[in-house]
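Single-structure report; data block below.
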Amino acid sequence: MTTNRRHFIGGAGALAVAGTFAAPAIAQGKPRVVVIGGGPGGATVAKYVARDSGGAIDVTLVEPLKEFVTCFHSNLYLGDFRPYDSIKHGYSGLAKYGVTLAHDSAAAIDPAAKTVRLAGGTTLPYDRLVVAPGIDIKFDSVPGYSEQASEIMPHAWKPGPQTQLLKKQLDALSDGATIVMIAPPNPYRCPPGPYERVSMMAHVLKKKGHKNSKIIVLDPKPNFSKQALFVEGWQKHYPEMVEWQDPKMHGGIKGVDPSTMTVKTDLADYKAQLVNVIPAQMAGKIARDAGLTNESGFCPIKPESMQSAKDSNIYVIGDASIAGDMPKSAFSANSQAKVAAMAIRGELTKSPTFPARYTNTCWSLIETDDTVKVGGRYEPKEGKIAAVETFVSKTGENDDLRKQTQAENMGWYQGIIADIFA
Ligand SMILES: Cc1cc2nc3c(=O)[nH]c(=O)nc-3n(C[C@H](O)[C@H](O)[C@H](O)COP(=O)(O)OP(=O)(O)OC[C@H]3O[C@@H](n4cnc5c(N)ncnc54)[C@H](O)[C@@H]3O)c2cc1C
């Protein structure tokens, strides 16, 4: 992409991250972009703004973690299809584009002053702010569940220690075990994710020779993403092992008791050896505190640019945003980041921009070399991001096609990681 570079006298280069910057940003030289959150949304936007502006914009990425563990492909780690270290990534690759890393948490946004205060005390001024904090878990959406309870009944819907805890619990099960998963209500991150996770748990149990273990999925939804494909795969590879219940079957999820490892529904109590609770979700706290959310708990955006509907100096991308027909996925976050980066570069350097175009594909591994996918292309239409073309794998596909789809899945991971972090 060609950009018109603006040259500023006395540009400060990389922004120092200690101390307070009280002077107006423009007066100091280059326009400033601050990005909160270094996931697939935030890290991508930081890289693309810095790279495509050719150094004409100062970009600071605020992210407390030194190493980012991806949720995407964490199910493959659970199923022993990839080692934990392979889903961990550092930020050192972003330095070559001129991105400054502030390893801290954003504590507060002052939209009037256009500043972000970091937990460590530093204040960063911005001309444009990108908010990409991902999701927070609504622990109280499941009675009896809490952050403390997640140490016994992991959600593993944020990456890192929770994913490792779930893996440890799965590997410790003996034949005859009962696993209960409470699936989340819409909207949530990665619509097919819970069902890929069920497949990976079943794969591990099958590999270990379990004949009598069961996985019971209690779903608050009447249906789910790629349902026919998952159900077909479970019957083919894990007959009798997976039992999915919709609200009509369980009558309502009443709560959990971590002290007895029990899950209560309207119709039955389940005592389990492993309980995976995936509660309802909302935009990350910093977005909620800044007033960027609406009653849904997520952030409305303008579909042409990912600009916040509430503040034109702020962009919200990734899982925290309301992205119309796009699912909450790493692929979507990365795609939205490129649209936002282009819009920001255009605004701050008066360089050319193009109409917003978005894409997404979500692959799900059901069993070795048996992978399915769903996806689409999206454009701004009638005030939202609307699907203009969609595709989904078909039931009964041949083994070669499913194997090829898994090769695509692995290639996509390598490609998106390079696009985000390298
Ligand atoms: C089990 C599972 C499987 C999945 N599989 C896939 C898949 O196969 N394909 C796919 O595309 N997607 C998948 N996803 C979804 C994907 O992981 C998310 O959609 C994606 O990570 C969202 O990116 P994000 O940048 O919006 O948020 P995140 O990845 O959550 O990143 C947000 C970052 O912001 C940081 N942050 C939060 N608050 C602050 C603050 N106040 N200050 C500074 N930093 C802050 C956090 O530390 C974090 O690093 C999966 C998810 C799960 C749970």
If you take the charge dipole of segment 37-135 about its Cα centre, with +1 on Lys and Arg Cβ and -1 on Asp and Glu Cβ, which of Leu78, Pro125, His103 is farthest toward its positive end? Pro125
Which of rounded, prolate or oblate describes segment 58-174 when judged by the alpha-carbon gyration tensor and an a/c cut-off of 1.5? oblate
Among the aspartates and glutamates, which have Cα under 13 Å from the Cα of Lys88 when same-chain residues fewer than 8 positions away are ignored? Glu67
Taking segment 231-320 and dividing mean pair separation by its residue count, relative contact order in percent (alpha carbons under 8 Å, at least six apart): 13
Of Lys254/Lys373; Lys338/Lys403; Lys158/Lys350; Lys66/Lys167, which sit over 28 Å apart, Cα to Cα? Lys254/Lys373; Lys338/Lys403; Lys158/Lys350
Per-pair calculated FRET efficiency, R0 = 22 Å: Asp110 and Ser312 via Cβ, rounded to 0.05: 0.90
Val392 versus Ser86: modelled label distance in nm, points set 7 Å from Cα along the beta carbon direction: 2.9
How much FRET efficiency would the formula 1/(1 + (r/R0)^6) give for Thr262 and Val231, where r is the Cβ-Cβ distance and R0 is 35 Å, rounded to 0.05? 0.85
Over segment 298-422, calculate the relative contact order: mean separation of alpha carbon pairs under 8 Å at least 6 apart, over the residue count, as a percent. 21
Order by protection proxy (mean Cβ within 10 Å, highest first), peptides 41-54, 398-411, 120-133: 41-54, 120-133, 398-411
What FRET efficiency do you get for Lys271 and Arg357 if R0 is 56 Å and r is their Cβ-Cβ distance, rounded to the nearest 0.05? 0.65
Theoretical ellipticity at 222 nm over the chain - DSSP helices of four or more residues, -39500 (n - 2.57) apiece, nearest 500: -8000 deg cm²/dmol
Lys208-Glu151 pseudo-label distance in nm [points 7 Å out on the Cα-to-Cβ vector]: 2.3
Need the list of aspartates and glutamates near Lys96 for cross-linking: C-alpha distance under 17 angstrom, and skip anything on the same chain fewer than eight residues off. Asp52, Asp58, Asp419
Run the numbers on the chain and let me know its relative contact order in percent, using alpha-carbon pairs under 8 Å that are six or more apart. 18
Label 7 Å along Cα→Cβ of Lys285; segment 138-165 residues with amide nitrogen under 20 Å? 138-142, 145-152, 155-163
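No value in this document is a laboratory result; all are computed from the given coordinates. In this text, all values refer to a predicted model and were calculated from it rather than measured experimentally. Positions of Cβ are generated from backbone atoms using ideal geometry, with glycine treated the same way; all protein chains shown enter the neighbour counts.
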